[in-house]
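One structure below.
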Amino acid sequence: MSAHPFTGPGLSRRTFLRGTAVGALGFAAAGTLAACGSGDSTTDSDTVRVAFGWILNTEFGGYYVADDKGYYAEEGLTVEFQGGGPNAPTPMQAVAAGSADIGVAAGAADLYTAIGQGNDFVALGAQFQVSPAGLLSLSDKPIRTPQDLASARILGQEGIQTTLDAVLIGAGLDPVYDFTPVGFDPSPLVEGQGDCYTCFVTNQPITLEQQYGLRKGDGYEVVTFSELGSTQYADLVFVERAALDANRDKIVRFMRATMRGWEDYLADPAAAAQLAVGKYGVDLGLEEAQQIRQAELQVPLVESPSGLFSMDVAQMEGPMWQALTAGGYENLPEPSSFVDLAVVAEARSSQ
């Protein structure tokens, strides 16, 4: 996973379009993969270039399944997957520059900020109904509530303070805490340098399991920021508004195939992880056991009683925006102005 929810709000449009992605929670450099049979990166009317917010690992397994099983081909589409990472353009930069047709914004707040600063993006749906961002602690001193957090020594990545502030302010607590910047390895937590560690619940807990032999509830505890009162979506699919107007049918077909892939992913996450390791992220040195475990942990975050890639505008205008505002985000755009639920609805109804 990338460090997307950990970025702060003060990003100008010029800096945004020039800059590169922030540091992230992962294993390897970014890469670009053209789907089998695409031949080269030259685009045509049937090609869809997809820019992801992190490397081509299991995080995006449903897309790989859709491609590998020929669901995109059945829709008359060829896809090209562009991996992200610390040294790659963000999906927002790639779509704004025209080097990608569809973006998957790892950090929802980053997408909202980009829209608020003048980018005419339209959000179509959210892969993660609950953001994987959260807190990791040891079972002998668990951090499960905002009150626990307020008195804890926090280890985390620079930029996460906006989310920590949102959790504490939302609970009626002062956003004053003991914070020590660390990297993306949870070892400092195990070494006792702090009481909790900002993490992705689909990533760092696996490190504690595989490297330290700890288990959830018997060694470590994990809680999402959503469970702490700061709910957000993650991995939002978005496009330029002009591109949606001009190519709506193609985008509906893309989403229809994509949702088929994610349905298969939910039924067999291990198979999707194996595709990441052996095909789509083959050059990244991904470790199969870790990727399978990550795929399993992602399942409850992707599932939704409302259907895959659902978004709730009322929820965004209420609790989600309140949390972002508490964290310091300003000039947030009205969700109704940039969320188009009809594309996913049409794709779902025609499956």
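The values are calculated or read from the model by the stated rules, or taken from the named source; none is laboratory data. Treat the numbers as computed from the prediction; the structure is a model and nothing was measured. All Cβ positions, glycine included, derive from the backbone under ideal geometry; neighbour counts span all protein chains shown.
Go through (1) part of a strand (DSSP E or B); (2) over 18 Å from D235 (Cβ atoms); (3) not basic (K, R) for V122 and report which single condition fails.
If we test V122 against (1) part of a strand (DSSP E or B); (2) over 18 Å from D235 (Cβ atoms); (3) not basic (K, R), just (2) comes out false.
Select the helices (runs of 4 or more DSSP H) contained entirely in the range 256-351, then report the ones holding at least 2 residues which are of a type in the set (A, V, I, L, M, F, W, C) and either more than 17 Å from the chain's Cα centre (by Cα) or within 19 Å of V201 (Cβ to Cβ) (or both).
Fully inside the range 256-351 and qualifying: 269-275, 288-302, 321-326, 342-349.
Aliphatic (A, V, I, L, M), outside the structural domain of A150 (by TED's automatic domain parsing) and at pLDDT 95 or above, is that true of L208?
no
Please indicate, with yes or no, whether at least one residue in the range 161-179 is crowded, with 17+ Cβ neighbours inside 10 Å and under 17 Å from T207 (Cα atoms).
no
In the same structural domain as Q147 (by TED's automatic domain parsing), buried (at least 19 other Cβ atoms within 10 Å of the Cβ) and of a type outside the set (G, A, S): is that true of Y280 in this structure?
For Y280, the condition - in the same structural domain as Q147 (by TED's automatic domain parsing), buried (at least 19 other Cβ atoms within 10 Å of the Cβ) and of a type outside the set (G, A, S) - is not met.
Looking at L136, L124, which is the one that is in contact (Cβ under 8 Å) with a residue 24 or more places away in the chain and farther than 28 Å from A345 by Cβ?
Sole residue among the options that is in contact (Cβ under 8 Å) with a residue 24 or more places away in the chain and farther than 28 Å from A345 by Cβ: L136.
Return the residues of the range 265-318 that are among the small types (G, A, S) and touching a Lys or Arg at 6+ places or on another chain (Cβ under 9 Å); say none if nothing qualifies.
Residues satisfying the conditions are A273, G307.
I'd like to check something: does the range 71-89 contain any residue that is over 18 Å from V344 (Cα atoms), in contact with a Gly (Cβ under 9 Å, 6 or more places away or on another chain) and either in a helix (DSSP H, G or I) or assigned by TED's automatic domain parsing to the domain that holds T207 (or both)?
Looking for residues that are over 18 Å from V344 (Cα atoms), in contact with a Gly (Cβ under 9 Å, 6 or more places away or on another chain) and either in a helix (DSSP H, G or I) or assigned by TED's automatic domain parsing to the domain that holds T207 (or both), one finds at least one in the range 71-89, hence yes.
Count, please, the residues in the range 223-252 that happen to be free of Cβ contacts under 8 Å to residues at least 40 places away in the same chain and in contact with a Phe, Trp or Tyr (Cβ under 8 Å, 6 or more places away or on another chain).
The total comes to 0.
It is to be established whether one or more residues within the range 90-103 are assigned by TED's automatic domain parsing to the domain that holds G327 and assigned to a strand (DSSP E or B).
The answer is yes; a qualifying residue exists.
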